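**Student:** Sharing a structure with you now.
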Amino acid sequence: VNCSPPTAVANVSQYACQRRTTTENHNKIFTDVMEELAESSEFNESKGPCLAFRQAASVLKSLPSAVHCLKAIQGLPCLGEHTKAVMEEILTFGRSFKVEEIRCDERYQALKLFTSVFGVGPKTAEKWYRRGLRSLQEILTEPNIQLNRMQRAGFLYYSDISKAVSKAEAKAVGCIIEETVHWIAPDAILALTGGFRRGKEYGHDVDFLLTMPEMGKEEGLLLHVIDRLKDQGILLYCDYQGSTFDVSKLPSCRFEDMDCFQKCFLILRLEQGQVEGERGLQRDPGDSRGWRAVRVDLVAPPVDRYAFALLGWTGSRQFGRDLRTFAQKERQMLLDNHALYDKTKKLCLLATTEEDIFAHLGLEYVEPWQRNA
Ligand code: 8DG
Ligand code: MN
Ligand code: MN
C-alpha cells in the first residue's frame with residue numbers, strides 16, 4: 001500500500017466552503033461511521049463531539065481518493081484523536097467496534113427509529129423513549145400519546161416517505177411544481193434546491209425556491225400554489241408558514257439555517273406513471289397502488305433575498321454551516337439565508353447571484369455539485 005499522502009492534502013481547508021466536494025465519496029466506509037457517531041452524540045446532546053464527527057466526515061468526503069493508512073491523513077484539518085482512533089480501527093479490523101456497540105444500544109435504536117418519522121425531533125423521541133416505548137406500533141397504540149398533525153401525517157405515509165426519492169421522481173415532482181407555479185404566474189422564478197441541485201441521485205425530499213421578479217408580488221404566491229395542488233387532488237399534507245421576514249431587523253444574528261421566509265412543508269401524491277422510466281412498467285403486484293407519497297419543501301423569499309435563500313437552501317448543511325463560520329471568523333461578516341452584513345463597514349452587501357455572495361466573501365466560487373460537504 002502506498003502511504004504517501006495525496007499531494008493536495010497540505011492545501012485542504014478547515015472550511016467546507018474552501019473545498020470542492022462532489023457526490024463521489026471515496027471514503028464512505030469512514031464517513032458513514034462518523035455520521036453515525038455524530039448522530040449518536042446528537043441524541044446524547046453532546047454538541048461538541050457531534051460537530052467534530054460531522055466536520056471530520058466532511059473533510060474525508062472532499063478527498064480525491066480513498067485513505068488506506070493513517071499516514072495519509074497527516075496534516076488534514078478537523079481530524080481529532082477520537083476520529084483518528086476510529087479510523088485506525090476501521091483500517092485494522094475493517095470495522096469499528098465503538099460504532100457497533102452504539103448500533104446495538106437500545107436507546108440509540110429507538111431514537112433513530114422515532115426521529116425517522118416526519119415531524120418527530122430528538123426531544124419528542126426522547127420523551128417517548130423515557131415512557132418505555134420502543135417501536136412505532138407501540139406509539140400508535142399507546143392511548144396517552146397526542147400526535148400533532150405533522151406527526152400523524154408522518155405515521156400515515158411512513159412507508160413511502162422513509163423510502164428515498166429518486167432523481168427521476170424528483171424530476172417528475174419538478175414538472176408538477178413548474179406547471180402549477182407557471183399556470184398561476186407565468187413569470188414566476190422557480191429553482192430546484194437541496195440535494196438534487198447538488199446532483200445527488202437520491203434524497204429524502206425535493207426542495208424548491210420560488211419568487212416573483214417584482215418585489216412584493218411573491219406574497220400570495222405560495223398559498224395560490226397550495227390551492228392549485230389541492231385542486232389537482234395531489235396534496236396529501238400541507239404545513240404552511242407565513243413570512244415573518246422584517247427588513248428593518250436585518251442583519252439577523254441567528255447562527256443557523258432557520259429563516260423567516262414564507263414556506264410550506266408538503267406531502268404530495270406522485271403517480272408512478274408520471275415518473276420517467278416507470279411508464280408502463282410491470283411492478284410487483286404487492287405494490288400495485290400506482291402512486292407514492294413524496295415530501296416537498298417550497299420556500300418563497302422576496303426577489304432581493306433570492307440569492308441568499310438559494311445559497312442557504314442548496315446546502316449541504318455542513319457547507320452552509322462552514323460558510324457562516326468562515327464569514328464570521330475570517331471576514332467579520334454575518335451570513336444567513338436573508339443577507340450578508342459587513343460588521344466593519346456596518347452595511348448589508350447586495351447580491352443577485354450566488355457568485356456575488358462568494359465574491360463578497362473573497363471566496364472562489366463553488367458550484368452546487370461541489371457543495372456535498
Ligand atoms: P436530502 O433532502 O437529499 O436528504 O438532503 P438536503 O436536500 O441537503 O437536505 P434538506 O433537509 O432537504 O435541506 C436542504 C437544505 O436547506 C439544507 O442544506 C439546509 C437548508 N435549510 C435552510 N433552512 C432550513 C430549514 O428551515 N429546514 C430545513 N429542513 N432545511 C433548511 O437553509
Ligand atoms: Mn432535500
Ligand atoms: Mn427539505
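The values are calculated or read from the model by the stated rules, or taken from the named source; none is laboratory data. The structure displayed is predicted, hence computed values, not measured ones. Note that we place each Cβ from the backbone using ideal geometry, even for glycine, and neighbour counts take in every protein chain shown. The protein model used for the area step is the full one, side chains on, heavy atoms only, and it has no ligands, DNA or RNA in it. Shrake-Rupley method; radii C 1.70, N 1.55, O 1.52, S 1.80 Å.
**Student:** Separation between the Arg152 and Glu88 pseudo-spin-labels, each 7 Å from Cα along Cα→Cβ, expressed in nm?
**Tutor:** Going from the Arg152 label point to the Glu88 one covers 5.4 nm.
**Student:** Additional query: Can you compute the modelled spin-label distance between Ser288 and Glu142, with each label point 7 Å from Cα toward Cβ, in nm?
**Tutor:** Calculated label separation equals 3.8 nm.
**Student:** Quick one: compute the contact order of the chain, relative version, from alpha carbon pairs under 8 angstrom and 6+ residues apart, as a percent.
**Tutor:** Relative contact order for the chain comes out at 18 percent.
**Student:** For Ala339, list long-range residues whose amide hydrogen, built 1.01 Å from N in the peptide plane, is under 5 Å from its own amide hydrogen.
**Tutor:** Answer set, sorted by chain and number: none.
**Student:** For region 58-116, run through the trypsin sites (Lys or Arg not before Pro) and keep only the ones in DSSP coil with at most 16 other Cβ atoms within 10 Å of their Cβ.
**Tutor:** Those satisfying the criteria are Arg95.
**Student:** Let me ask you something else. List the chymotrypsin sites (Phe, Trp or Tyr not before Pro) in region 174-271 that DSSP assigns to loop (not H, G, I, E or B) and whose Cβ has at most 13 other Cβ atoms within 10 Å. Which are they?
**Tutor:** Passing sites in region 174-271 are Phe255.
**Student:** From the C-alpha coordinates alone, can you work out the Kirkwood hydrodynamic radius of region 11-109, in Å?
**Tutor:** About 13.8 Å, per the Kirkwood formula over Cα pairs.
**Student:** Please work out the average accessible area per residue across the chain, using the 1.4 Å probe convention, and give it in Å².
**Tutor:** Ligands and nucleic acids excluded, the figure is 51 Å² per residue.
**Student:** Summing -39500 (n - 2.57) over the DSSP H runs of n ≥ 4 in the chain and dividing by its residue number, what mean residue ellipticity at 222 nm do you reach, to the nearest 500 deg cm²/dmol?
**Tutor:** Calculated mean residue ellipticity at 222 nm is -12000 deg cm²/dmol.
**Student:** Can you pull the one-decimal nm distance between simple spin-label points at Trp183 and His204, each 7 Å off the Cα toward Cβ?
**Tutor:** Spacing of the two 7 Å Cα→Cβ label points: 3.1 nm.
**Student:** Counting other Cβ atoms within 10 Å, which chymotrypsin sites (Phe, Trp or Tyr not before Pro) in region 25-68 have at most 11 and lie in a DSSP loop?
**Tutor:** Within region 25-68, no chymotrypsin sites (Phe, Trp or Tyr not before Pro) qualify (loop, at most 11 other Cβ atoms within 10 Å).
**Student:** Which percent of the accessible area of region 311-370 is formed by carbon and sulfur heavy atoms (probe 1.4 angstrom)?
**Tutor:** Roughly 53 percent, rounded to a whole number.
**Student:** Also, quick follow-up: Collect residues whose amide H, placed 1.01 Å from N in the peptide plane, falls under 5 Å from the amide H of Ile189; neighbours closer than 5 in sequence don't count.
**Tutor:** Here the answer is Thr211, Met212, since their amide H atoms fall under 5 Å of that of Ile189.
**Student:** Still on this structure, please answer the following. Using each residue's phi in region 237-246, evaluate 6.51 cos²θ - 1.76 cosθ + 1.60 at θ = phi - 60° and report the 3J(HN,Hα) Karplus result to the nearest Hz, with x for Gly and Pro.
**Tutor:** Karplus-based 3J(HN,Hα) across region 237-246 equals 7, 9, 10, 9, 10, x, 6, 10, 6, 9 Hz.
**Student:** Under a no-solvent Debye model with one identical scatterer per Cα of the chain, what's log10 I(q)/I(0) at q = 0.06, 0.07, 0.13 Å⁻¹?
**Tutor:** Normalising to I(0) and taking log10 leaves -0.26, -0.36, -1.24.
**Student:** If you don't mind, there's one more thing I want to ask. Step through the residues of region 63-70 one at a time and calculate ³J(HN,Hα) from phi using the Karplus curve (6.51 cos²θ - 1.76 cosθ + 1.60, θ = phi - 60°), rounding each to whole Hz and writing x for Gly and Pro.
**Tutor:** Once θ is set to phi - 60°, the couplings for region 63-70 become 6, x, 8, 6, 7, 10, 7, 4 Hz.
**Student:** Counting only residues 5 or more places away or on other chains, whose amide H sits under 5 Å from the amide H of Trp291 once H atoms are built in the peptide plane?
**Tutor:** Amide H neighbours of Trp291: Gln272.
**Student:** Leaving ligands, DNA and RNA out of it, report the carbon-plus-sulfur percent of the accessible area of region 165-304 at a 1.4 Å probe.
**Tutor:** Carbon and sulfur atoms account for 52 percent of the accessible area of region 165-304.
**Student:** Using a 1.4 Å probe over the heavy atoms of the protein chains, calculate the carbon and sulfur portion of the accessible area of region 7-101 as a whole percent.
**Tutor:** 49
**Student:** Still on this structure, I have one more. Along region 203-208, what does the Karplus equation 6.51 cos²θ - 1.76 cosθ + 1.60 (θ = phi - 60°) give for ³J(HN,Hα), rounded to whole Hz, x for Gly and Pro?
**Tutor:** Result, rounded to whole Hz: x, 8, 7, 10, 10, 9.
**Student:** Students often forget the sequence filter, so: which lysines lie under 24 Å Cα-Cα from Lys249 once same-chain residues fewer than 8 apart are removed?
**Tutor:** Those lysines meeting the cut-off are Lys217, Lys263, Lys329, Lys343, Lys345, Lys346.
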